[in-house]
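Nothing in this text is a laboratory measurement; each read-out follows from the coordinates by a stated rule. Everything numeric here is computed off the predicted structure, so don't read it as measured data. Here the Cβ positions follow ideal geometry from the backbone for every residue, glycine too, while neighbour counts run over all protein chains shown.
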Amino acid sequence: MCGACGASGPIASYYDGDIVKISCPEIGINDGSIAKVMSIRDDWGIELKFQDSTVKWVSWDPFTCRVEYPKFSIVRVRSSLFVELLPVVEDSAELSTGSDGKSSSSGEIVTIGQGWLKEPCVLPKKVAKP
């Protein structure tokens, strides 16, 4: 807790797989986006996957200080509101051809450094699975 607003007590009760609606203009989430909680870490915050497949970590700061983050809002919503949009593949190098001859995307967004970095690092491009 930053202490500026007198907040105290538990921060949040979100679980992996929860669907949330979040707004926090201070960190670039302006529109009340729908996201899926991918993981929660005491030291990093909440990992969210948005409908366009982007991944963003939200630190605990907005949960604990209403003075610095006055427009922060996060609420659980119905799971039916989360519809993952298919990413647009711009580069043919991002496609792999399966044994049936059909092309498919073979990557996923990866967060690295869990256990040794002080802050999360989300790789900016999809990384092919081995």
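Structure above, values below:
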read-out	value
Formal net charge of residues neighbouring Lys36 (Cβ-Cβ distance under 13 Å; K, R +1; D, E -1)	0
For the range 8-76, alpha-carbon Rg relative to the globular expectation (2.2 N^0.38 Å, N residues)	1.02
For Asp18, distant residues with modelled amide H under 5 Å away	Val37
